1. Consider segment B:173-189. How many of its residues are touching a helix residue (DSSP H, G or I) at 6+ places or on another chain (Cβ under 7 Å) and of a type in the set (Asp, Glu)?
2. Let me spell it out: the conditions are (1) closer than 27 Å to B:Phe48 by Cβ; (2) among the charged types (D, E, K, R); (3) away from every other protein chain (no Cβ under 11 Å), and B:Arg108 meets all of them except one. Which number is the exception?
3. Identify, please: which residue in segment A:250-279 is within 17 Å of the chain's Cα centre (by Cα) and in a loop (DSSP other than H, G, I, E, B) and is, among those, surrounded by the fewest Cβ atoms within 10 Å (Cβ to Cβ)?
4. For segment B:1-106, which fully contained strands (runs of 3 or more DSSP E) count at least 3 residues that are closer than 28 Å to B:Gln224 by Cα?
5. Would you mind stating whether A:Phe111 is within 14 Å of chain C (Cβ to nearest Cβ) and aromatic (Phe, Trp, Tyr)?
6. Just for segment A:114-127: of the residues that are at the interface with chain C (Cβ under 9 Å from one of its Cβ atoms) and more than 9 Å from A:Ser232 (Cα to Cα), which one is surrounded by the fewest Cβ atoms within 10 Å (Cβ to Cβ)?
7. If you scan segment B:42-75, which residues turn out to be free of Cβ contacts under 8 Å to residues at least 60 places away in the same chain and out of contact with any Lys or Arg (no Cβ under 9 Å at 6 or more places or on another chain)?
8. Any idea which residue in segment A:300-314 is farthest from the other protein chains (Cβ to nearest Cβ), counting only those that are of a type in the set (A, V, I, L, M, F, W, C) and within 23 Å of the chain's Cα centre (by Cα)?
Amino acid sequence: MKEFGAVAIVIIAMAVVPLLAVSNVTLNFLIVALMIALAGQGWNVLGGYGGQYSFGHAAFFGTGAYVTAVLQARYGVNAWIAFGLGIAAGALIGAIVGGLTFRSGLRGSYFALVTLAFAEVLRILASVAPITGAGVGTLVKLDLRPASLQFQSRAEFYWMILALVAIALFVTQLIERSRFGVWLVAVRENEDAAAALGVNAMAVKLIAMIISGAITAAAGCFYVQYFLFIDSGLAYGTWMSIEALLTPIIGGVGTVFGPLLGALVVRALGQGAQLIAGGEAPGLDLVIYGCILVLIIWFAPRGLMGGLSRLRNRLLFSASAAEARHG
Amino acid sequence: MAEPLLQVERVSRRFGGLMAVNAVSLAIAEGRITALIGPNGAGKTTLFALISGFLKPSTGTICYRREDVTGEAPYRLARRGIARTFQIVQPFGGLTVRDNILVGAYLRHTTRDRAQEVVEEIAGKLGLGPMLDRPAATLTVAGRKRLELAKALATEPKLLLLDEVLAGLNPSEIRDMMPVIRALCQRGIAIVMIEHVMQAVMSLAEHVFVLAEGRIISEGTPSQVAADTAVVEAYLGHGAAARLGGVHAH
Amino acid sequence: MLSPAILTAAVVNGLLTGAVYALIALGLTLVYGVLHIINFAHGALLTAAMFAAYFAYRVLGIDPYFAVLLLAPAFFGIGYALQRFVIGPASHGDDRNMLLVTLGLAVVIENALLFAFRADTRTINLPYALNGIDLGFAFLPLPRLIGFVTVFVVTLALWLMMSATDTGRAIRAVAKEKLGAELAGIDVAHIYAVTFGLGTACVAIAACLLIPSYYVNPNAGNAFVLVAFTIVVLGGMGSVLGALIGGLVIGVVESLSSLFLGESLGQIGIFLLFIAVLLVRPSGLFGARA
């Protein structure tokens, strides 16, 4: 119960931010960071808790984005419905890719490769298919009304993405405390031992992938509502696949708050780097991200959350030791 | 014997040119302790892998409670009530002892509270109570063996396959473990144990199968099997029985 | 519709390209066969080598085919150092971590190149690039012909090294049975690094061979490396012969599907083949059962 309380506190604290005197630049930064966090939360379910490292999560992001965009731009579907269908499409892709790959028993390196390949196939298809606007991409018409899931002020977009992140936090927390979550983690630690205890590893991984796909797709749907434009590179490009895995790993794989923490820190560092470089510095932020990834794996594999819990343990331990001395 | 719990019928498993298990037939009765012994490389662990679904037999059938379960996946067999421990213990290293056992407990209980109760109960019976919230990776060898047993027990099996659960334990740890195993059998769980620790085999097992080079070469009570020339020769080499003298043929 | 002449030309072209693909795949399969991981930094290293070859020509005036003699050892050293001092220590022996570390390196290298050289595409124009042998039914451009021959020479050299030298034997020992090799006194970390170095050297040679016919930009390596992955999976992880034959096959497949489906969709043909192979027969045509 107290874990859900922690989630609520964090969300409420973050919800208050736009009410303070913050600039649009800051809000924009936070909105994008939260969107990346959401994509990372999706990755975290499959990779952090399930131990299946996908290198092609852009496949879900892009699918959510394109479905949302194309349904609105070409078929005049209501934005809210298009958003929901985008999430459903992400779940469906998760089921397909998961069904195919897990049935073949692919794990580890091979799984990473296959997911990378799927994302690439989708990217190429999207860059030539007429329905997606091919190379030109798809534009969604500007219509700043809540009915079209577009808002006049940044603050409202901020609360929208925050709401999505909050839902993902709750879902992750629920998973962590449930039977499914325990089985998922068991599969991650030792698939054979889990099977010997009655865990249907394939079904567990598949469900994790479906949830993962849905959450990351939601980030893609949001992208479209906020930026009103999508093309194959933005949707299915490797940048998103990398950010989706980077943020949970840096923040702490297999933890509820890891992706959120990771996204904020990584984005902040990226912005910082751009500022120092004085504006135009293509690729500099990704260089920093890559270095951080290597450094984290090297020195702090449990990420920032792992570091925080080590710190807390040390403080608790020294506090009780001090008590014992004085008591 | 009454209707056997497990009936293995002429099961073979080959790996390329090697017959690891060769036309093995055996029957396990409910609620009894059976030992499976034999020299190293005899195929004992392979047989366990076949019974628990980790390997498919090349030929032969395996029936559990009169149903043909040949070739079923391990998780299905676990749900039917066949549990196993691994020779090289396989804890979920990154999890606590509690969470390790919880994985097994969740098989029969869907709510967290009920499953936790089962975990506490089993941990208590196996002396793991004080260690429940420690990471599994910090346990000693004896502790890990108990954890391995606890995980399997949490699935509430009817047939428990113990693969060298006493290996690596010192004499006092072995002495402590034996009543635990006996108590399991008293709860109605049929146990098949692969063991090299002969004192355990002699005092615990009601029936013994001897496996050598993939075949069953002898079976019977522990004392019958110990007196069997074929068994002595399998362990000590051809002609050893005669050299030892005073051993009667089966 | 499509005359035999066009088809033959496409096949020949495919073979010439395929040889270089095979060399890139060779580096990848070598690393997988010994370290048992997929080196995600392979593409980035190829890109870096292509830039190096480009600048060797532009700035130092060294012909790419001579640059091989300079870049192959240099990149061997870089690969050795990366594995020995970065990837090995950072991974703490965990395969999943190694994947991430190589991915991280890939991101760093590619984007460092992007930052340093921008996204512009560059090419070099060798004076003899347009010369070639005219076989009547096909025209074989000289650079690609040299490339084809070089690949076979390199493969032969590698094969000789693996079978006849001590280091080669050590590499094969580690690939088969790491623990046993360690117990026999082989320095596994060193062998891992040597193997990685060899894989990187392959990529450096391939870069020199590609430069006369292709463009250079920070993304160039990626285009080739996904193809290399397909080849390695098709030919079997760890199989040198598989990489060679797979490379030639893929080269032809790509050439023919570009002919029928156009440039971009031709790429899709390869990826779909890749996914299909992974799903149906992950051990590939020549590889050991995964």
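Bear in mind these aren't lab numbers, they're just calculated from the coordinates by the rules spelled out. Model, not experiment: these values are computed from the prediction. Positions of Cβ are generated from backbone atoms using ideal geometry, with glycine treated the same way; all protein chains shown enter the neighbour counts.
1. Count: 1.
2. (3)
3. A:Phe257
4. On the way: elements: B:6-15, B:18-28, B:33-37, B:59-64, B:82-84.
The strands (runs of 3 or more DSSP E) meeting that bar are B:6-15, B:18-28, B:33-37, B:59-64.
5. Values: within 14 Å of chain C (Cβ to nearest Cβ): yes; aromatic (Phe, Trp, Tyr): yes.
Against the criterion (within 14 Å of chain C (Cβ to nearest Cβ) and aromatic (Phe, Trp, Tyr)), A:Phe111 qualifies.
6. Going through segment A:114-127, the residues at the interface with chain C (Cβ under 9 Å from one of its Cβ atoms) turn out to be A:114, A:116-118, A:120-121, A:124-125, A:127.
Among the residues that remain, those that are also more than 9 Å from A:Ser232 (Cα to Cα) are: A:114, A:116-118, A:120-121.
Numbers: A:Val114: 24, A:Leu116: 25, A:Ala117: 24, A:Phe118: 25, A:Glu120: 25, A:Val121: 20.
Filtering segment A:114-127 for residues that are at the interface with chain C (Cβ under 9 Å from one of its Cβ atoms) and more than 9 Å from A:Ser232 (Cα to Cα), the one surrounded by the fewest Cβ atoms within 10 Å (Cβ to Cβ) comes out as A:Val121.
7. Passing the criteria: B:Ile62, B:Cys63, B:Asp68, B:Ala73, B:Tyr75.
8. Just the residues of segment A:300-314 that are of a type in the set (A, V, I, L, M, F, W, C), to begin with: A:300, A:304-305, A:308, A:311.
Imposing the further condition that a residue be within 23 Å of the chain's Cα centre (by Cα) reduces the set to A:300, A:304-305, A:308.
Values: A:Ala300: 11, A:Leu304: 16, A:Met305: 14, A:Leu308: 17 Å.
Among them, the one singled out is A:Leu308.
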